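As structure tokens, the structure follows; a few thoughts come after it.
Only the coordinates and a few stated rules stand behind these numbers; no lab work does. Fair warning: this is a prediction, and the values are worked out from it, not measured in the lab. Quick reminder, even Gly has a Cβ in these numbers, built from the backbone with ideal geometry, and neighbours come from all protein chains shown.
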Amino acid sequence: MGTTILVAILFTGVIALLLGIIIGVVSKLFSVPSDPRVELVLGLLPGANCGGCGKAGCADFAKAVVAGECPPNKCPVSSSEQVSSIARALGIEAGSEFRQKAVVLCGGDVNQMKMLTLYNGVSDCVSASMIGGGPKSCAYGCLGMGSCARSCPFGAIEMINNLAVVHAELCVGCGACVKTCPRNLIKLVPADSEVHIYCSSPVKAPLKRQVCNVPCIGCRKCMKSGEEGQFEVDGFKIKVAYDHQPLPGAEVVDAASCPTGCLLTEKQHLAIERAEKPVVEEEVAS
Amino acid sequence: MEGNTNYLEITIGAVLVYNFVLSRFMGVCPFLGVSKRLDTALGMGGAVIFVMAIASFATSLVYQYLTTEIEFLGHHLNLVFLKITLFILIIAALVQIVEVILQKLSPPLYKALGIYLPLITTNCAVMGAASINAQEGRGILAATLFGTFSGIGFALALLIFAGLRERLELSQIPRPFQGMAIALITAGILAMAFLGFSGIC
Amino acid sequence: MSERVIPPKPLSFPGGIHPAKDGKGLTEHKAVEKAPLLEDYVVLVSQNVGAPPKVTVKKGDAVKKGDILAEAGGFVSAALHSPTSGVITDIGEAPGPMGVNVPAIFIKADGLDEWSDKLPAGLNWREASADELKSRIASSGIVGMGGAAFPTHVKLSPPPDKKIDCVILNGAECEPYLTADHRLMVETPERVLAGAAIMGKILGVENIAIGVELNKPDAIAALEARAQEYGVKIVGLKVQYPQGSEKQLIYAITGRCVPTGGLPMDAGCVVQNVATAAAIYDAVAEGHPLIERVVTITGDIVVNPGNYLVRIGTPVIKLVEWASGVKSEPRKLILGGPMMGFAQKSYNVPVSKNTSGVLLLGGAEIIQYESSSCIRCGMCVRGCPMHLSPGPLSMLIENEKFDLAGQNHVMDCLECGACAYACPAHRPLVQHMRRAKAEIRRAGKK
């Protein structure tokens, strides 16, 4: 009995040793030079394959980082700790710190805009925008069918009252929604910005007033109450100068008292949309 | 042992009647995991055929030796009880070696099969094929044939299922059934369909 | 021109539908009326496929009727001419037929309606050279008036490796409700025939045919009466939608197939609308650029539906006024026909070169359906004139698998609407196809 156990152990051990040696020899003989650092970087990346870095996925990005083609901070999803750990592992510079987030620059929910036409087609913004510019009255506003929300790999966009609202704490700034929006309403802005002008319509103020209750009419009140250079004129509307430091804070919104209510902090914007009555049945005037 | 082995029975039986996934319910994990797209299913199917064939060949070789009685230091020993341990060892090592060699010699084939090979290393279908061969006491040729055609059977089931799942993905499915739920139901119906082959051999 | 001289059945194409209500009876016996002169015109700058023309006038300029407002912005582009004499009041934006605001030129008419003295003299087309004729067509801003608005001179300049051996004129007018082309053929067949002969001369082609659906016997008779002297053949076609689509028309008349992704020239054909032919005749024989066209204003709720010869740039609201308004509140305003036309948000959309009809639908003509899941009945497959499978394609597109949709030839879709008309589940199939085509084109550009 004892011998059987001994022999079994010996037998298995010898075979295992043999196979191990064979594998060792074979992998030496047939070794393909590969960079272990790629695996290392890949392990440190979030692995969401969102494509926010502009590469085909995390593996592709890892290769590019190891090859020195792009700095590790190009990954918009990784936190600064993750980026610096990648940089430390490779012994390279992390690149300058710049985090972004998306914001939908439109405040035109169903309560603020008119529904001009009866639309019962495909519930998708890209499809709707190709049919007479969609049902909402403003030809530049959010179509409210949630294409961006569906494209977001992180579930950071919520549709409230037919308006897309980005939850900044969930957004990593990968830009998938920016590419999806047929109206180009979504912009990537610095992550620490909190005040936005929720309007993207380039038309003249009276025309905007006809179609929307909360347009930017270009009155420049915000420019006067904010610091020099915090806002800039962009055609018939004002926009926040996101590359200017310091960015406007909540006190600017209070001081400006925007007459249409399109200058808001993110928190205010979300609170307004949340407070408004959800639309039960859309009453459509033909 | 052999002599009157019916090779036709082994092959057709392995593909259709005793299909590894749909009748023996082995290898269900990769069957569900890699059947989302037809092209990956094709790659996985190819890899399984390949691995099952060489694994069956190698294990039957070893098994031939195991079944003979060994005399060791004056003791007569029967080491058949070691077969599962040894099979695992051999299959894992074999797949590892093949993967390394493939990577060097045939990069395109490695690209097609490479990511699936480690998945199969400890797949129960491969183990099962070796085990069944040992149980039935098949010779080397019969065992290799059985391994190959079991792999083909697996690939067939995988391809059919991948085709179904590509269609499933386009259909509007009630929420509770979405995803894996409807996949499992479909797999069950597919298995029932394969029941129709029973009795051929 | 084909071997099938005496067809056993009316010439047609496989697939297609026949809408139960064609609405043509409302206007087909009403003669074309000349629209009165307006005070204000809104000429959209981009009225053609291809490069938008470059505006050459500025605010405050005085223009005469037929003066150039914008020059062609490239080879695939067409010039724009003033519809009347007056003053440019503004160059800004106006609602366009696609629902978004587009650049437009605003003209205040002076009421004199004087022709410009810069216009070229009329040519005798039988004597003029092909190049002369072609440059005249190009400078007159003529585009495909059936709906596509493709610059005509481009179609008439095939690359040298493509051999064109027949010219086909589309007089099918398969869209329900529209009768503008019908009335044009009945009232001025000689303009259509001469235009066809001019195109034949430019391309050096003897085979010239006009395809007309058999529900327009008076148009066929009017054309037949004078077809001989122009060397044009009149072909009666089965009443089937979309008979007027160029690929279907080529198949029905010649039996040739346009290869997938190809153009009619790949089948040796050039297809033009009859209205385009009439415009070509005007440009050549009179020297008049394209500034007016026949537009059908129709719909059950329109008090006095009819056909009007209107200037390009006339706001649609004026047409509704001329037709004595509506009996009840319209629920849909469509530019073009009900199958392929575009629903509008505003009555201020002006008539463009390709506006063949203005359709006001209301009451029982509009039924709003809820779309449901595909029931795999195959009605869309039977209806599709391009042999596609719209149902499975729409499911691919719903799941955003545009690459697979592309592999299944979604790019061949004509957007004719036959599938959506036939679908008992009321699925918005055409909208899905449009989305896929747009996405594939966008992906191709990257």
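A compact table of results
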| item | result |
| --- | --- |
| Neighbour net charge for A:Val38 - beta-carbon separation under 13 angstrom, K R +1, D E -1 | -1 |
| Exercise: per-residue mean of other protein chain Cβ atoms within 10 Å, A:4-15 | 4 |
| For chain B, the longest site-free run once GluC sites (Glu not before Pro) in DSSP loop states with at most 15 other Cβ atoms within 10 Å are removed | B:70-201 |
| Residue mean of other protein chain beta carbons inside 10 Å, B:167-175 | 3 |
| For residues of A:115-124, the mean tally of beta carbons on other chains within 10 Å | 5 |
| Taking B:Phe177, C:Phe13 and counting other C-beta atoms within 10 Å, the order from fewest to most | B:Phe177, C:Phe13 |
| Computed magnitude of the charge dipole of the range C:379-445 (debye, nearest 20; Cβ of K, R +1, Cβ of D, E -1) | 140 debye |
| Cβ-derived FRET efficiency at R0 41 Å, C:Glu187 paired with C:Ser328, nearest 0.05 | 0.85 |
| Long-range HN-HN contacts of A:Asp234 with modeled amide H, under 5 Å | A:Lys239 |
| Only Lys, Arg (+1) and Asp, Glu (-1) charged, at Cβ; the range A:100-275 dipole about Cα centre in debye | 700 debye |
| Cα-based reach from C:Lys445 at 19 Å (exclusive), listing aspartates and glutamates while leaving out same-chain residues under 8 positions away | C:Glu400, C:Asp403, C:Asp412 |
| Stokes-Einstein D for the range C:124-286, Kirkwood Rh over Cα pairs, 25 °C, 0.890 mPa s (µm²/s) | 159 µm²/s |
| Cα-centred dipole magnitude for the protein assembly as shown, charges only on beta-carbon of K, R (+1) and D, E (-1), debye, nearest 20 | 300 debye |
| Fewest-first ranking of C:Asp110, C:Asp403, using other Cβ atoms within 10 Å as the exposure measure | C:Asp403, C:Asp110 |
| Rg/Rg_globular for chain B, with Rg_globular taken as 2.2 N^0.38 Å and Rg from C-alpha atoms | 1.12 |
| A:Met113, B:Met192 arranged by Cβ crowding within 10 Å, fewest neighbours leading | B:Met192, A:Met113 |
| Disulfide-incompatible cysteines by the Cβ rule (no partner under 4.7 Å) in chain C | C:Cys166, C:Cys174, C:Cys257, C:Cys269, C:Cys374, C:Cys377, C:Cys384, C:Cys413, C:Cys416, C:Cys423 |
| The range C:379-445 - Rg and Dmax from Cα coordinates, angstrom | 10.8, 36 |
| Within chain C, longest stretch clear of exposed chymotrypsin sites (Phe, Trp or Tyr not before Pro) (DSSP loop, no more than 13 other Cβ within 10 Å) | C:76-368 |
| Those trypsin sites (Lys or Arg not before Pro) in the range B:92-200 that DSSP places in a loop and that have at most 10 other beta carbons within 10 Å | none |
| Mean projected area in nm² (Cα convex hull; one quarter of hull surface) for the range A:100-275 | 9.3 nm² |
| Other-chain or far-sequence residues with amide H under 5 Å of C:Asn101's (modelled H) | C:Gly96 |
| Estimated D of chain C in µm² per second, where Rh is the Kirkwood radius over Cα pairs and Stokes-Einstein applies at 25 °C, 0.890 mPa s | 109 µm²/s |
| Two-decimal Rg to Rh for the range C:217-307 - Kirkwood Rh, Cα set | 1.02 |
| The range B:4-96 - Rg (one decimal) and Dmax (whole number), Cα, Å | 17.1, 58 |
| Residue-wise HN-Hα coupling along the range C:72-86, computed from phi with Karplus coefficients 6.51, -1.76, 1.60 (Hz; x: Gly, Pro) | 3, x, x, 6, 8, 6, 9, 6, 10, 10, 6, x, 7, 8, x |
| Kirkwood Rh, Cα atoms: Rg over Rh of the protein assembly as shown | 1.08 |
| Neighbour cut-off at most 12 other Cβ (10 Å), DSSP loop, trypsin sites (Lys or Arg not before Pro), the range C:141-218 | C:Lys163 |
| Semi-axis lengths (Å, descending) of the ellipsoid that matches the C-alpha gyration tensor of the range C:15-67 | 36, 21, 8 |
| Nearest-0.05 FRET efficiency for B:Cys124 and A:Ser31, computed from C-beta distance (R0 30 Å) | 0.45 |
| Protection proxy ranking of B:152-162, C:214-224 - average other beta-carbon atoms within 10 Å, highest first | B:152-162, C:214-224 |
